[in-house]
Amino acid sequence: EKYGTVPESATRIVRGKGNKEQAKGAWVANVKRPYIKKQSEGRDELYRVLDEVMVMHKKEDIGLPKPIFKQSEASVPVPLDIQSAMIDAVLSKDVDCASILGKIGIQHRQQRLVHAFNAGGSILFDALLSEYLHTDSFQMQVDEAQAKFIVDGVKRERLELEERGGAVLDGITAITAATDITRCLENWVDRRPIKAVVYSNSHNTLLSVAEYLYESFDSESIAEMMEGKIEHMSYELGRFRNNHKEGKNCPICGGWNEYTGKKLSSCNNQLLEVSDWSGTAYLIEPDRITSAVGQAEFNSLNETLVANPVEMTRLQGVPLTKYSLSQKHWRVGDCLRVDARDPHPLLPKRWSEEKWEAYGSARCVLLAELDGYEGRDNYLGSLPHDEDRDSSEVMVRLNKWQRCGRFHSRPRWDARRKKSVGWYTGPNLEDVEMKSQTEDTFILLLDASLSHGLDLSFVTHMFLLEPIDDAAHMEQVTSRAHRLGCTGPVTIETIHTWHYLDPTAKQVASTVQDETKKKTSTAVCDHCYRSFENIEKAQEHELTCDRNPDGNAIVDPFHLSSVYRDIRPPAPMIVGVLDTMNNQENKVDDEPVDGNLTRVRVRVREEQIQNPRLISEVCHAILPRVLRVKWGFTISDNVNGDKSQSEVVKEATNQGCQSSGDELDVYDKNEAGEDEQHCEMQKLANQDLEKNEDCVEESATGKNSEKFMDID
């Protein structure tokens, strides 16, 4: 108040006059001048003022477990044919530059390599290698190596989790590292579900790595936050956190349509129109494609089919049997082998022709004929049956493909084409109720541009596809998971890539590969997130790091950051229990117990007495750490922090119930049976306890008798 307050009246103080000038003068005299002159009274007054108007929450005050930084390497071998071409360029006397560069795939960089070809020898080899390492083909190998490293690491962690007894899920109230001190200890057995984030500053790199991850994991195992609108990103983050998704099954094709925040009105699953050797065209699901037909098999066909074999180069190493997995491999005219069984073991049985006629298939055929069978109209009717064919597999030609909802569209007037389009009058996706499914989603693909402000406190691992040398950037990324509400330590693993050469190629190079250029030996300070060349230098820095509360750093007391550091977070507010007998609030015993403990009396309902887990959740809601529980005449201590909060509560409740009767456990009981206010468990659980907000005790009215528990 000495330095100015907001006036109570509606009339504002005129700028530069009255109390404002008086407040500024008092501030200069009492704070500014003494502080600049480094006088203690100026600093003390500045601290007093800031402590009244600021709330500072620092990680070192919360007592979070330290993040685990790892530097890992993924070796990427240079292909042998590329190494051979480089060696030939060095050893040959008459070098054909265009031919050599064509083999390496850098023919468009010939002008930049003229000096290297004139110099020859190891200089030429190093120049060719440097140019190749920046090509798209090598970058694809880098992305594949990083994806393989992530796949192996996630699978290994999930297997180790099973060996530890499997994942343990939280109950109504999440158990965090701030509420359970044992989670900060090195010997804590981590049984949290594996949740891994793949982070990259490059959108294209993340897309490329994602392709290889999808080859190893099902689509339900991966959530994406790489692009899209806010509702889609919120949906993906919810999938990753809760292992839950919502959607509808199409009544026509039976395909699943996920709900991502947008109204589901039309099926988005792809259907393909194919035709057999007789020219009959019909629709199939991608799951019916058993394989594509290559050149060798196509030449051996006895049937005459106007189609084209599938080139292996187009598939980019993907086998013919995986043709249906990616739409980018499809081309009109491809020759395919499909399974024509109905019912199919993986697909629903198709509707009869009578049912399709009732839904307008006759008009569909008419519209298809008017468009010369080049339009969008067709229906998922019965499959053609050939009595002369013994096998269920059929050779077909791919004509076109589009979404199921476009094949089966509602009748409407198209103003652009000025004609009536659509024909389907049967049930569609709008007529189906929303369903929920449980899935196992343990990987999140996170683009750097979308990572700001996310709460990933439940994450166990983060894989960085590029090194982050900037300390502020590293802290921002790490703080997505290492934050208030985190359920345990998070492992931050940076994946460094290093090209590998055969011994013969190393001899040709100017110098042996400089292993010191590898960054796998680097280390990160746990407090300020600065990177250092090795672990020894990082540990030496931590001793003098000004953000290390246990360090021996010399801090200037008159630096403004030191004043901020002295401001402590406020103590959690504990709300007393309201006694309706005298309409007064019972005061919380705020006197220290054993020197540094605070005692809180908790009201417990009669039906909760035999359930230690519910009582433990009450403890989580009220105090961040429980060090002592008194139940009746039984006291359970955890001052040394060697027990979990649940163990302390369970020990006290079990011993208390065995050693004393109900009358001994009662601290205050409504003998008259009148209504009393009591702690409502479900409402307490819904409080955002992870954000260290003030925990307000919700209440409800009931006639249950209640008992008290003392928590220190």
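The figures follow:
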item: Residue in the stretch 125-146 that is nearest to Asn204 (Cα to Cα), counting only those that are of a type in the set (Gly, Ala, Ser) and either within 30 Å of the chain's Cα centre (by Cα) or open to solvent by 60 Å² or more (accessible area, probe 1.4 Å) (or both); result: Ser137
item: Meets criteria (closer than 26 Å to Asp431 by Cβ, in contact (Cβ under 8 Å) with a residue 40 or more places away in the chain and more than 38 Å from the chain's Cα centre (by Cα)) for Tyr259; result: no
item: Unique residue being over 30 Å from Cys250 (Cα atoms) and either out of contact with any strand residue (DSSP E or B) (no Cβ under 8 Å at 6 or more places or on another chain) or open to solvent by less than 30 Å² (accessible area, probe 1.4 Å) (or both) when the list is Thr491, Thr441, Thr425; result: Thr491
item: Where Phe117 falls short, out of the listed (1) open to solvent by 50 Å² or more (accessible area, probe 1.4 Å); (2) farther than 29 Å from Gly485 by Cα; result: (1)
item: The stretch 36-59: number of residues that are at pLDDT 85 or above and β-branched (Val, Ile, Thr); result: 2
item: Tabulated pairs, the stretch 185-197, first at negative phi, second open to solvent by 80 Å² or more (accessible area, probe 1.4 Å) and modelled with pLDDT under 90, C-beta under 8 angstrom, 6+ apart or interchain; result: Pro193/Leu169
item: So Lys419, is it basic (Lys, Arg) and either without any contact (Cβ under 8 Å) to a residue 60 or more places away in the chain or in contact with a helix residue (DSSP H, G or I) (Cβ under 7 Å, 6 or more places away or on another chain) (or both); result: yes
item: Tally, over the stretch 288-301, of residues that are surrounded by fewer than 16 Cβ atoms within 10 Å (Cβ to Cβ) and among the hydroxyl-bearing types (Ser, Thr, Tyr); result: 1
item: Unmet requirement for Val189, which otherwise passes all of (1) modelled with pLDDT of 85 or more; (2) assigned to a loop (DSSP other than H, G, I, E, B); (3) surrounded by 18 or more Cβ atoms within 10 Å (Cβ to Cβ); result: (3)
item: Tyr35 being within 30 Å of His482 (Cα to Cα) and part of a helix (DSSP H, G or I); result: no
item: Residue tally, condition hydrophobic (A, V, I, L, M, F, W, C) and in a helix (DSSP H, G or I), over the stretch 200-232; result: 6
item: Selection count where residues are assigned to a loop (DSSP other than H, G, I, E, B) and of a type in the set (Asp, Glu), scope the stretch 445-464; result: 1
item: Filter result for Lys148 (closer than 25 Å to Pro503 by Cα and of a type in the set (Lys, Arg)); result: yes
item: Condition met for Gln71 (without any contact (Cβ under 8 Å) to a residue 24 or more places away in the chain and either among the polar types (S, T, N, Q) or surrounded by fewer than 15 Cβ atoms within 10 Å (Cβ to Cβ) (or both)); result: no
item: Residue count for the stretch 477-488, restricted to those that are open to solvent by less than 10 Å² (accessible area, probe 1.4 Å) and of a type in the set (S, T, N, Q); result: 1
item: Hits in the stretch 427-467 (condition: under 30 Å from Gln139 (Cα atoms) and free of Cβ contacts under 8 Å to residues at least 40 places away in the same chain); result: His452
item: Matching option when the condition is exposed (fewer than 14 other Cβ atoms within 10 Å of the Cβ) and hydroxyl-bearing (Ser, Thr, Tyr), among Ser40, Ser84, Ser122; result: Ser40
item: Residue in the stretch 522-529 that is modelled with pLDDT of 85 or more, open to solvent by 60 Å² or more (accessible area, probe 1.4 Å) and not aromatic (Phe, Trp, Tyr) present; result: no
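The rows are residues; the columns are (1) modelled with pLDDT under 90; (2) more than 29 Å from Ser324 (Cβ to Cβ); (3) open to solvent by less than 20 Å² (accessible area, probe 1.4 Å); (4) touching a helix residue (DSSP H, G or I) at 6+ places or on another chain (Cβ under 6 Å).
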residue: Arg158; (1), (2), (3), (4): no, no, no, no
residue: Arg164; (1), (2), (3), (4): no, yes, no, no
residue: Leu185; (1), (2), (3), (4): yes, yes, no, no
residue: Asn201; (1), (2), (3), (4): no, yes, no, yes
residue: Val209; (1), (2), (3), (4): no, no, yes, yes
residue: Ser221; (1), (2), (3), (4): no, no, yes, no
residue: His232; (1), (2), (3), (4): yes, no, no, no
residue: Cys253; (1), (2), (3), (4): no, no, yes, yes
residue: Ser266; (1), (2), (3), (4): no, no, no, yes
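The values are calculated or read from the model by the stated rules, or taken from the named source; none is laboratory data. From a predicted model like this one, the values you see are computed outputs, not experimental measurements. Note: ideal-geometry Cβ built from the backbone for every residue, glycine included; neighbour counts use all protein chains shown. SASA here: full protein model, heavy atoms, side chains in, ligands and nucleic acids out. Shrake-Rupley method; radii C 1.70, N 1.55, O 1.52, S 1.80 Å.
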